[in-house]
Amino acid sequence: MTGPHRKAAIAGIALSDCGRVDEATPYALHAQAARRALADAGLPPSVIDGFASAGLGTLAPVEVAEYLGLKPRWVDSTSVGGSTWEVMAAHAADAIAAGHARAVLLVYGSTARADIKAKRRTSNLSFGARGPLQFEVPYGHSLIAKYAMAARRHMHEYGTTLEQLAHVAVQARQNASRNPDAMFRDPITVDDVLAGPMIADPFTKLHCCIRSDGGAAVLMVADDLLPDCAKSPVRVLGSGEYVSHTTMSEWDDFTVSPAAVSGALAFERAGVTPAEIDIAELYDAFTYMTLVTLEDLGFCAKGEGGAFVEKGRLLHDGELPTNTDGGGLSAQHPGMRGLFLLVEAVRQLRGEAGPHQVRRADGSLPALAVASGTGGWFCSAGTVVLGRD
């Protein structure tokens, strides 16, 4: 199961301008990130024969490909929320291994913050009442409320506290303080988190991700292109994906995320264990997401996430540096953040993270990273294990 994935490498990564980008369109952010990723790889646009994009509607890959001047022979428009990009990376690795593409560009761009500012959309997402959802939507189940309900269940089942959840936000901000590109860098305390305005009980404002604009791109290539690349490759060692539900009534256990399945698959296919991972980049639209994903990936036992996160383990010099750029809670969160997880993981493995670079206890660079995206309200998960070549 490990062989095919190891034939694909990440050769280029980039972010567009992020944070507050009022003057750009989503298409422009796609283009900026794509150009920068190609420059990072040292490859021309002409090598791209595979393309993956989502987030701008049904024809997103077609429209964005045309905007970028691409005519790919392999395309992926998977759309499973925040886990989309980890799932796409797995699909791209398989396509490269099968010979269906030599160079696949994954790209995303969003003006989520600017759209809210201009009143083109609201910040509290809800979804149409199609099918079974029609029986839940009338009760006010916004996306935030669904996560809040799940967090309350974990607190009830395992005694997880608000203070423990607040530690996730505090450590994310401390990591962001070292990242010059993070949107919010000023330190916060547990008391600051608890004293914030209530958004959806038990989440106060600082339990929730920020809103930003921005884009990201990842270029994945076959081995025969590596001699032409400017940077040492980072390998996709293994991956897993899983979709569990869309209605809350079909979610078997509010304390278990789909990462429990996608993570197990990724580690098995990569031939590594959670104990071998040096850094973790996890989707963190809310503090509870980080906590439960850590449990479900096997970094601690179910129910022990609260105790795990309150000991500073997520910091740059902690036992498991997590969301090393500050995550969606402090660095940036432009709609769907999954691709940013891959960019940060590769940056860390290459040793290119600058002031927020993580090093192992012996001073060496991290060798293994896991990126795990989550979509919807724990509806889907995609997990990718990455390693230096």
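Of note:
- Residue satisfying all of: in the range 188-234; free of Cβ contacts under 8 Å to residues at least 60 places away in the same chain and among the small types (G, A, S); surrounded by the most Cβ atoms within 10 Å (Cβ to Cβ) among these: A200
- Here A90 clears all of (1) surrounded by fewer than 19 Cβ atoms within 10 Å (Cβ to Cβ); (2) in contact (Cβ under 8 Å) with a residue 24 or more places away in the chain; (3) not in a strand (DSSP E or B) except the condition numbered (1).
- Among the residues of the range 17-54, those that are assigned to a loop (DSSP other than H, G, I, E, B) and over 20 Å from the mean Cα position of the chain (by Cα) comprise V21, D22, E23, A24, T25, G42, L43, P44, I48, D49.
- Which numbered condition E352 misses (of (1) in contact (Cβ under 8 Å) with a residue 60 or more places away in the chain; (2) in a loop (DSSP other than H, G, I, E, B)): (1)
- Qualifying residue in the range 305-318 (condition: in a loop (DSSP other than H, G, I, E, B), of a type in the set (K, R) and under 19 Å from L365 (Cα atoms)): yes
- Just one of the listed residues (A216, A259, A266) is touching a strand residue (DSSP E or B) at 6+ places or on another chain (Cβ under 7 Å), closer than 25 Å to L105 by Cβ, modelled with pLDDT of 95 or more and hydrophobic (A, V, I, L, M, F, W, C), and it is A266.
- A24 falls short on exactly one of the conditions (1) over 18 Å from G82 (Cβ atoms); (2) surrounded by 18 or more Cβ atoms within 10 Å (Cβ to Cβ); (3) among the hydrophobic types (A, V, I, L, M, F, W, C); (4) modelled with pLDDT of 95 or more, and that condition is (4).
- Condition broken by V309, with the remaining ones in (1) surrounded by fewer than 22 Cβ atoms within 10 Å (Cβ to Cβ); (2) modelled with pLDDT of 95 or more; (3) touching a strand residue (DSSP E or B) at 6+ places or on another chain (Cβ under 9 Å) satisfied: (1)
The values are calculated or read from the model by the stated rules, or taken from the named source; none is laboratory data. From a predicted model like this one, the values you see are computed outputs, not experimental measurements. Neighbour counts run over all protein chains shown; Cβ positions are idealised from the backbone, glycine included.
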